[in-house]
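Quick notes on the structure that follows.
The values are calculated or read from the model by the stated rules, or taken from the named source; none is laboratory data. All values derive from a computational prediction rather than experimental measurement. Using ideal geometry, Cβ is built from the backbone for each residue, glycine included, and neighbour counts are taken over all protein chains shown. Ligands, DNA and RNA are excluded from the accessible area calculation, which covers all protein heavy atoms including side chains. Shrake-Rupley method; radii C 1.70, N 1.55, O 1.52, S 1.80 Å.
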Amino acid sequence: IADVAAVADELAALAVREVGKPVTEAKGEVARAVAILRYYSQQVFDPVGALYEPSGAGLSYTRRRPRGVAGLITPWNFPLAIPLWKAAPALAFGNAVVLKPAPQALGTALRLAEILGLPEELFQVVPGDAEEGVALIEAADVVSFTGSAAVGRKVSVAAATRGVPVQAEMGGQNPSIVLDDANLEAAAAQIAAAAFGYAGQKCTATKRVITVGNAGEVREALVAAVAKLGVGDPADPGTAVGPVIEESARDRVVASAEGGRVLTGGQALDRDGWFAAPTLVDGVAADHVLARDEVFGPICLVQDAGSVEEAVALANGVPYGLASAVYTRDLDRALEVSSRLESGLVKVNNPTSGVDFYLPFGGEKDSSYGPREQGKAAQEFYTSTHTIALGPAGA
């Protein structure tokens, strides 16, 4: 833990150079990585089983045992936090780890392995692309994947075929519902940060804003909030929106704005790097890509609902169910709407992006496969439960 904390600035700078993460966010990710290591270093001292009242004489109890080799397939957008929120519990509960990072974040993964200094038989980094990551399943006893839906489905099928426990997080199409009593200035600022921070390259980024009775005011507040975001060099502390990861990602954002009305943005930016302007769009058809799928970049759709019921239906009417948010001053309405949203993570008056590292994390529908990650849920995944029933001696 101390070794990672000691090189925090170096790791943050590496993430800036390698994946274009704005330096302020990169420093936050390093701090999160240290917190994750601290959290799971404490969990090794927590109880690892339970004592049960036997039906007769004797003793009945459970113990948890490591599963063996944990194969971890991780994306480029969180090059430290995601590998560690998988590897830290896997190691803490007695497993060996083989980490297959995204090629775009290989340097950060290799430096992390060097800093951790663990024996090769406990921690290895294996280079390769996403398809090669699927082959990792052949050598693993348990597999944890975060990345695209297409590869995630292949991982899940391959793991199920082998009978290997698997969890797969495969992105989202995350809505934020803004009710007519919301604090619009605060809501717009949070939504803009969640939709466009790190150029929208987060699985929990806001992809749709659904208005209820306040369509014009929400648009006005959002456009104003987007205008305040710093766009530029990710090494500049004032930057919130840097470049996207590659040219095709920039082009996909620009193309996705077609077929709708652009409220702001909608074009590539003439900068040193693959920049797309933070883009708000409305007026698209129900089958438009922005209304159905995840576009991994700085683009967000605004939709209008005539009632809370219609807003909930719009929010739930996509194949994904990772994160969602509700903005309102009314606690009863917040609880009622939250209970009806089909997502693994629901935020109230908080942005869809981000979740505390000790809370269970995962989605519904096509967003996730298998059990949750993080917190106490990690122990359930990286260990198996064994029940021991002791009878009286000499029976």
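Data for the structure
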{"quantity": "Residues located in region 95-137, provided they are under 17 Å from Val166 (Cα atoms), of a type in the set (Val, Ile, Thr), at pLDDT below 95 and in contact with a Gly (Cβ under 9 Å, 6 or more places away or on another chain)", "calculated": "Ile137"}
{"quantity": "Among residues of region 234-248, those that are more than 23 Å from Ala12 (Cα to Cα) and crowded, with 19+ Cβ neighbours inside 10 Å, counted", "calculated": "0"}
{"quantity": "From Ala57, Ala70, Ala88, Ala113, residue being open to solvent by 20 Å² or more (accessible area, probe 1.4 Å), in contact with a Phe, Trp or Tyr (Cβ under 8 Å, 6 or more places away or on another chain) and either in a helix (DSSP H, G or I) or among the small types (Gly, Ala, Ser) (or both)", "calculated": "Ala113"}
{"quantity": "Output for region 307-363, where each listed residue is hydroxyl-bearing (Ser, Thr, Tyr) and in contact with a Gly (Cβ under 6 Å, 6 or more places away or on another chain)", "calculated": "Tyr320, Ser343, Tyr358"}
{"quantity": "Given (1) more than 26 Å from Asp366 (Cβ to Cβ); (2) touching a helix residue (DSSP H, G or I) at 6+ places or on another chain (Cβ under 9 Å); (3) of a type in the set (Gly, Ala, Ser), number of the condition Gly200 does not satisfy", "calculated": "(1)"}
{"quantity": "Region 196-233, residues that are more than 24 Å from Pro79 (Cα to Cα), open to solvent by 20 Å² or more (accessible area, probe 1.4 Å) and small (Gly, Ala, Ser)", "calculated": "Gly213, Ala215, Gly216, Ala221, Ala224, Ala227"}
{"quantity": "Tally, over region 257-288, of residues that are more than 22 Å from the chain's Cα centre (by Cα), open to solvent by less than 60 Å² (accessible area, probe 1.4 Å) and polar (S, T, N, Q)", "calculated": "1"}
{"quantity": "Identity of the residue in region 293-316, crowded, with 19+ Cβ neighbours inside 10 Å and not hydrophobic (A, V, I, L, M, F, W, C), that ends up nearest to Ala150 (Cα to Cα)", "calculated": "Glu294"}
{"quantity": "Selection status of Arg250, under 12 Å from Ile299 (Cα atoms) and not β-branched (Val, Ile, Thr)", "calculated": "yes"}
{"quantity": "Residue list for region 125-135, restricted to those being open to solvent by 70 Å² or more (accessible area, probe 1.4 Å) and assigned to a strand (DSSP E or B)", "calculated": "none"}
{"quantity": "Some residue of region 364-387 being open to solvent by less than 10 Å² (accessible area, probe 1.4 Å), in contact with a strand residue (DSSP E or B) (Cβ under 7 Å, 6 or more places away or on another chain), of a type in the set (S, T, N, Q) and part of a strand (DSSP E or B)", "calculated": "yes"}
{"quantity": "Condition check for Gln104: surrounded by fewer than 20 Cβ atoms within 10 Å (Cβ to Cβ) and assigned to a strand (DSSP E or B)", "calculated": "no"}
